[in-house]
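Since the structure comes first, as structure tokens, the remarks are kept for the end.
Derivation of every value follows stated rules applied to the coordinates shown; laboratory data play no part. What you see is a predicted model, and the numbers here were worked out from it, not measured in a lab. Neighbour counts are summed over all protein chains in view; Cβ atoms, including those assigned to glycine, are modelled from backbone coordinates with ideal geometry.
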Amino acid sequence: MKISVIGTGYVGLVSGVCFAEIGNDVTCIDIDKAKIERLEAGQVPIYEPGLESLLQENRQRGRLHFTTDTQAGIADSDVIFLALPTPPGADGAADLSAVLSVADQLSNLLGDHFTVVVNKSTVPVGTADKVRERINANHPDNFAVVSNPEFLREGVAVRDFMEPDRVVIGTNSPKAEAVMRELYAPLTDELHPILVMDEYSSELSKYAGNAFLATKISFINEIANVADRVGANVEAVARAIGADPRIGSRFLQAGIGYGGSCFPKDVQALAKTAESYDYDFKIIRAVLEANKAQRHVFIDTILGHFNGDLRGKRIALWGLAFKPDTDDIREAPALTIIDGLLEHGATVVAHDPEAMENVARVYADSSKAPQMTSEPMLALESADALVIATEWKVFRNADLSAIYQQLRHPIIFDGRNIYDPTAARSLGFTYYSVGRP
């Protein structure tokens, strides 16, 4: 098929590259000229394992194109994906301005042949109706709007796209359904099914899925806080409840809370959707509060060790991205921790394998900012403690003896529970973790 993808963020770029990989002719469109120039040169502006090589291969095969010209980019397309940002507004509701602005453009640009316009962005219930209404203004027929939420995890997004757990398609149009089934046929089978439903259910399914996973994370973090008080081990508790197939073991790793581009904004947006329909979603409000508090629980642990005074203290911090295998720092817990440490007078020296440039931009105009080091062990020199905020493999595999020798004081605050407490303490560390005695 001939496919256009409008928006080249994480979702749009991964989707476009992977659709090209399975044999389609794909044009990716973005208003950012500098980004498009980089993509045309075969450079990926985000860190996502496996993506750059696939992009370069499909560019060479002539199946993947990039442009800033929307009219040229959508010409003769069978399917147009809208993969545009929907950030939270001031009230927490999803901002649909980018999506609806493109819908207005499509109203004037769509051709006479049947076109499927797909909402790939994470959007509130009813967005397909709004997009349809906008396109209808000047293009009254021969198109269909479909909801096709993405379920990609940063760090493994290419694999998730090529081997989906499921593909959700929301449409009431048999013709559009047939097009979408054909498009996804190479990626789906009985174990990786296509689930067709109405648009409202499809739109709600993405929010429901992310909200449920966020609830599991916040729940186990609350259990960890109880475990700290009663002397239990949250990891043992997680193993016990995770062995129950009704619960499952995934997303039961205690830590300093979730971040990223999806969970925070999607949970907020679901709460606002419920509120707009006069429903108080109490569980979701509790999840938001618990996740926000979890970061400050960890900061309080650090402050408690130093009797509330970090003036003159040099703190090494490993991990800036919201999770490993990505350079994404949106809503990253590390940023909250850095701000808390700086506010209390500490000097923070940080390292992350991929996210340091992004963090440097965040603090570019700030009077208080963390220092960055090119190697993790350099951050430890003369440091009074090590804080671990992201569970990168390079940190998991670090030599504890070398860490001990490098630190001025052998203190670790492990926000991701990556080390064995007994091993750390046997080497002489004062070792704090989350929910483990």
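What angle, in degrees between 0 and 90 and rounded to the nearest 10, separates the Cα long axis of helix 199-230 from the longest principal axis of the Cα atoms of the chain? Result, in degrees: 10.
Taking amide H atoms as placed 1.01 Å from N in the peptide plane, the amide H of Ala332 lies under 5 Å from those of Gly260, each 5 or more residues away in sequence or on another chain.
In a shell of Cβ-Cβ distance under 14 Å around Gly248, excluding Gly248 itself, what net charge do Lys and Arg (+1) and Asp and Glu (-1) give? Spell out each step's value before the answer.
Values: positive: Lys216, Arg239, Arg246, Arg250; negative: Asp165, Asp244.
Here the count lands on +2.
Of the residues Ala238, Ser366, Thr336, the one whose Cα sits farthest towards the positive end of the charge dipole of the range 221-377 is Ala238 (charges of +1 on Lys and Arg Cβ, -1 on Asp and Glu Cβ, taken about the Cα centre). For the pair the range 366-422 and the range 300-359, the centres of their Cα atoms are 11 angstrom apart. In terms of its C-alpha gyration tensor, the range 2-197 comes out rounded, because the ratio a/c of the largest to the smallest axis stays below 1.5. If only the Cβ of Lys and Arg carry +1 and only the Cβ of Asp and Glu carry -1, the dipole of the chain around its Cα centre is close to 1080 debye. Separation of the range 245-268 and the range 167-199, taken as the distance between their Cα centroids, equals 27 angstrom. Of the chymotrypsin sites (Phe, Trp or Tyr not before Pro) in the range 221-284, the ones in a loop by DSSP (not H, G, I, E or B) with at most 14 other beta carbons within 10 Å are Tyr277, Tyr279.
A simple spin-label model places the labels of Tyr363 and Asp300 2.5 nm from each other, with each point 7 Å out along Cα-to-Cβ.
Total lysine pairs in the range 263-432 at Cα distances under 17 Å, for residues eight or more apart or on different chains: 8. The distance from the alpha carbon centre of the range 19-43 to that of the range 269-295 is 37 Å, rounded to a whole number. Each of Glu235, Glu203 was scored by other Cβ atoms within 10 Å of its Cβ. Arranged with the fewest first, they read Glu235, Glu203. Scoring 288-301, 335-348, 364-377 by mean Cβ neighbours within 10 Å over their residues and listing the highest first yields 335-348, 288-301, 364-377.
Sort Asp32, Asp76 so the one with the fewest other Cβ atoms within 10 Å of its own Cβ comes first. List each step's numbers first, then the result.
Numbers: Asp32 14, Asp76 10.
Lowest to highest Cβ neighbour count: Asp76, Asp32.
Using the rule -39500 (n - 2.57) for each DSSP H run of four or more residues, divided by the residues of the chain, the 222 nm mean residue ellipticity is -13500 deg cm²/dmol.
Which ordering of Thr86, Thr68 is given by a fewest-first count of other beta-carbon atoms within 10 Å?
Values: Thr86 22, Thr68 14.
The most exposed by this proxy come first: Thr68, Thr86.
Within the chain, antiparallel bridges make up roughly 5 percent of the DSSP beta bridges whose residues both belong there. Taking max minus min of the alpha-carbon positions on each principal axis, the range 377-423 gives extents of 23, 21, 16 Å, largest first. The computed semi-axes √(5λ) of the Cα gyration tensor in Å for the structure shown corresponds, within [x] 43, 31, 21; [y] 32, 29, 21; [z] 42, 24, 20, to [z].
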